[in-house]
Amino acid sequence: MASRFYKICLFIMCILIAYNTSAQAKKPTLMIFPSDNWCIQRYFYKEINNQGNIIKTPDYKKAFQEDQEIGQVISKIGSLMIEKGFPLKDAENELKNLERQNAIDQATANGVGNNELNISILDRILSVSKSDVLIQIWWQINKNSIGNKEARFTLEALDSYTNKRIAASTGIKEFSALQSTPELLALSIENNIELFTNQIQDHFNNLLENGREVKLQIKVFKDWGKNLDTDFQNKALNEIIEEWLQANTVKSKFNIATYTDNLMNLEEVKIPVLDNKSRGVDARSFIRNLQNFLKEAPYSIPSKIISTGIGDATLILGDK
């Protein structure tokens, strides 16, 4: 009898542990921005001359400062996400933090460093905040023939590391003219939020199991005197790097898209979402581990890292 009672108690305990683990499932960190199309439609953009091609890029600072609704809309949508248990980072605050840091960098280093690289404001914000998912919102409010408001909206969730769309929700709904735009949009989106957030969580669960996708490059300084085919203790450097990747990527998943004696292009590199201290891993922090490995004996290879985004990093061997 005692043995049977013990087995029942053990069974109940296992169920409770499984339920508690499920309830505390890791959720991705989100950040919400207006979509590129929304910014351009409302003239919140800058024009950049890229080798003769004029590119319109969103001016988020201007949007947050001049539009009366965007902050309220993001706050309303954010509250819906928080209710679903998702950690949320404030886009406007992250933008301000980035501007403060850029001002400090320019004052102390005369602007030398990543500011010279062609990195978008959004990429810089994501690199600093390490948000897992970027949510972009577009909306348009019209009035129909009887004076009621009609809200059209599109929510898109993008993987911050690959810019691939992982979830989307669109809708159109009619409301009373007495309701404000943020309230109207929140009610419209609330009807579709369950499927949208489930898609985000499913994607993140897949990342936790199978790794996060990034792009990496290994390059060689012109004057180094060695290259990726150079032997180190009877093994070519490219083989040493490949073996390190096999040991450190999730399920040894990576693809060598291009290989020469001075260049290795790596795509679909699956890196862990979290390190052993539960900190987020991005392309730069992952390739830094390779940098540290090659810096030690018997290789003693100096190198530098250049990052052009949260999911893209280059290791240049042979110089600092």
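The values are calculated or read from the model by the stated rules, or taken from the named source; none is laboratory data. No experiment lies behind these values; they were computed from the predicted model shown. Cβ coordinates were reconstructed from backbone atoms using ideal geometry, including for glycine residues, and neighbour counts include every protein chain displayed. Note: accessible area is taken over every heavy atom of the protein model, side chains too, but ligands, DNA and RNA are not part of it. Shrake-Rupley method; radii C 1.70, N 1.55, O 1.52, S 1.80 Å.
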Checklist entry - What pairs come up if the first residue lies in the range 257-274 and is under 13 Å from residue 214 (Cα atoms) and open to solvent by 60 Å² or more (accessible area, probe 1.4 Å), the second is at pLDDT 95 or above and not in a strand (DSSP E or B), and their beta carbons are under 7 Å apart, counting only those six or more places apart or on different chains? => result 268/253; 268/254
Next on the checklist: Report every pair of residues separated by at least 6 positions or lying on different chains whose Cβ atoms are under 6 Å apart, first residue within the range 56-67 and of a type in the set (Phe, Trp, Tyr), second at pLDDT below 95.
Outcome noted: 60/95; 64/92
Checklist entry - Does residue 288 satisfy the criteria of being part of a helix (DSSP H, G or I) and either exposed (fewer than 13 other Cβ atoms within 10 Å of the Cβ) or under 14 Å from the mean Cα position of the chain (by Cα) (or both)? => result no
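Can you name every residue in the range 291-320 that is part of a loop (DSSP other than H, G, I, E, B) and open to solvent by 40 Å² or more (accessible area, probe 1.4 Å)?
Answer for the range 291-320, where residues must be part of a loop (DSSP other than H, G, I, E, B) and open to solvent by 40 Å² or more (accessible area, probe 1.4 Å): 296, 297, 298, 299, 300, 302, 319, 320.
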Item to check | Filter result (in a loop (DSSP other than H, G, I, E, B) and of a type in the set (A, V, I, L, M, F, W, C)) within the range 146-162 | outcome: 146
Item to check | Enumeration of residues in the range 224-246 that are out of contact with any Asp or Glu (no Cβ under 8 Å at 6 or more places or on another chain), touching a residue at least 60 places away in the same chain (Cβ under 8 Å) and farther than 13 Å from residue 298 by Cα | outcome: 225, 226
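I'd like the full set of residues that are free of Cβ contacts under 8 Å to residues at least 60 places away in the same chain and either in contact with a Phe, Trp or Tyr (Cβ under 9 Å, 6 or more places away or on another chain) or over 22 Å from residue 58 (Cα atoms) (or both), limited to the range 125-140.
Pass one, the range 125-140, residues free of Cβ contacts under 8 Å to residues at least 60 places away in the same chain: 128, 140.
Result: 140, single match.
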Item to check | Which numbered condition residue 213 misses (of (1) closer than 27 Å to residue 167 by Cβ; (2) part of a helix (DSSP H, G or I)) | outcome: (2)
Next on the checklist: Give me the residue from the range 138-153 that is under 33 Å from the mean Cα position of the chain (by Cα) and not polar (S, T, N, Q) and, out of that set, farthest from residue 183 (Cα to Cα).
Outcome noted: 138
Item to check | Residues satisfying the stated conditions in the range 275-285, i.e. out of contact with any Leu (no Cβ under 8 Å at 6 or more places or on another chain) and either in a loop (DSSP other than H, G, I, E, B) or open to solvent by 40 Å² or more (accessible area, probe 1.4 Å) (or both) | outcome: 275, 276, 277, 278, 279, 282, 284
Item to check | Some residue of the range 278-293 being of a type in the set (Lys, Arg), over 17 Å from residue 228 (Cα atoms) and touching a Lys or Arg at 6+ places or on another chain (Cβ under 8 Å) | outcome: no
Next on the checklist: Testing residue 258 on (1) in a strand (DSSP E or B); (2) in contact with a helix residue (DSSP H, G or I) (Cβ under 6 Å, 6 or more places away or on another chain), one condition comes back false. Which one is that?
Outcome noted: (2)
Item to check | Subset of the range 212-229 that is surrounded by fewer than 15 Cβ atoms within 10 Å (Cβ to Cβ) and among the acidic types (Asp, Glu) - its residue that is modelled with the highest pLDDT | outcome: 229
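Within the range 1-84, considering only helices (runs of 4 or more DSSP H) that don't extend past its boundaries, which have at least 1 residues that are farther than 17 Å from residue 185 by Cβ, at pLDDT below 90 and open to solvent by less than 80 Å² (accessible area, probe 1.4 Å)?
The qualifying helices (runs of 4 or more DSSP H) are 2-23.
Is it the case that some residue within the range 230-243 is open to solvent by less than 30 Å² (accessible area, probe 1.4 Å), hydroxyl-bearing (Ser, Thr, Tyr) and farther than 20 Å from residue 77 by Cα? Walk me through how you get there before you give the answer.
Our first condition is that a residue be open to solvent by less than 30 Å² (accessible area, probe 1.4 Å); within the range 230-243, this holds for 232, 236-238, 240-241.
Within this subset, residues satisfying the condition of being hydroxyl-bearing (Ser, Thr, Tyr) are none.
Checked against the condition, which is being open to solvent by less than 30 Å² (accessible area, probe 1.4 Å), hydroxyl-bearing (Ser, Thr, Tyr) and farther than 20 Å from residue 77 by Cα, the range 230-243 yields no hits at all.
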